[in-house]
1. In debye, nearest 20: dipole of the range 77-203 around its Cα centre with unit charges on the Cβ of K, R (+) and D, E (-)?
2. Rounded, prolate or oblate: which one fits the range 102-242, using the alpha carbon gyration tensor with axes a ≥ b ≥ c (rounded when a/c is under 1.5, else prolate when a/b beats b/c, else oblate)?
3. If I model a spin label as a point 7 Å beyond the Cα along the Cα-Cβ vector, how far apart are those points for GLU103 and VAL42 in nm?
4. Between GLN209 and LEU56, take the C-beta separation as r, use R0 = 25 Å, and let me know the FRET efficiency to the nearest 0.05.
5. Any chance you could run the full-extension gain for LEU3 through GLU178? It's 0.36 nm times the residue separation minus the Cα-Cα distance, nm to one decimal.
6. Rank LYS11, LYS89, LYS116 by mean-square fluctuation in a GNM of the chain with C-alpha springs under 10 angstrom and give only the top-ranked residue.
7. If you put +1 on each Lys and Arg Cβ and -1 on each Asp and Glu Cβ, how big is the dipole of the chain around its Cα centre, in Debye rounded to 20?
8. Would you work out which of ILE204, PHE149, TYR184 lies farthest towards the positive end of the dipole of the range 137-212? Charges go on Cβ: Lys and Arg +1, Asp and Glu -1.
Amino acid sequence: ILLGAITSASKLSLEKVRRAYMLMGDIGRVAEQALTNPNAIVDVRISLFSPVRPMLADMASSIREILTSHKHGTAFEYKYDGARIQIHKRGDSVRVFSRRLTEVTGSVPEIVALAKGHVRSQETLLEGEVIAIDAHGRPLPFQDLMRRFTRVHDVPDATTRIPLELHLFDVLLLEGDELIQKPYSERREVLEREVAQELLSPRIISADQDEIQRLFDRALAEGHEGLMAKALDSGYEVGKRGKKWLKLKKAE
């Protein structure tokens, strides 16, 4: 309703107003810009330290459905029962935002340290998933993660008791260049060049149902939810849910 109201008041198209909202993340800023400087809305770009609304995935019922939906190839990655984050980095300045665009930098010092020490680029926006792990490296329940993820007091103690593990899966901005229009396959190549291998989520590119099933079973055996399936030719559709990204889980 608010996006429609801004569209009517500014005479801009709904598509441009919606895109600006997805990139800026703040509907108040969008309204202000649309009414006072509409050209800025048309030209809005991703800006470091201003979180963007994440691309979302639909649910798939089978491997066959995924392969049928993606005509130009699919990458399969672990699906974690964790907290999705954006890492914004410029030099030694690092800020971390949650899926809901809330800043959580102070609650995740080990993630900040990883970004400073294991990301090669000076200016970047990365996406990943954070999970909490036990003493044996297995994922803890989501509720335990949330207690740690939202911690604002006694963070050093919480860091020791409930360590976090980072798995990166996308890059949206690199050294000033926006990458959201590039296909997923190219963004993944960039990501692999820019971050340490141990921070990447496991994945395969395959159309072999048996091979995909083995990866799915392995993910479940390691305590994760299942797989994410990403079309190799998919751009990053900020704030949208669709079949370019699909979730495959044992149970809903």
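1. Working: 19 positive and 22 negative charges, 56 e Å.
Here the range 77-203 has a charge dipole of around 260 debye.
2. Values: a/c = 1.97, a/b = 1.20, b/c = 1.64.
Judged from the Cα gyration tensor, the range 102-242 comes out oblate (a/c at least 1.5, b/c at or above a/b).
3. 3.3
4. On the way: r = 25 Å, r/R0 = 1.00.
Approximately 0.50, to the nearest 0.05.
5. On the way: separation 175, 0.36 × 175 = 63.00 nm, distance 2.41 nm.
Computed gain between LEU3 and GLU178 is 60.6 nm.
6. LYS11
7. Values: 38 positive and 37 negative charges, 145 e Å.
Here the size comes out at about 700 debye.
8. About the Cα centre, the residue reaching furthest to the positive side is PHE149.
No value in this document is a laboratory result; all are computed from the given coordinates. Quantities reported herein were computed from a predicted structural model and do not represent experimental measurements. FYI the Cβ positions are ideal-geometry reconstructions off the backbone, even for glycines, and counts take in every protein chain you see.
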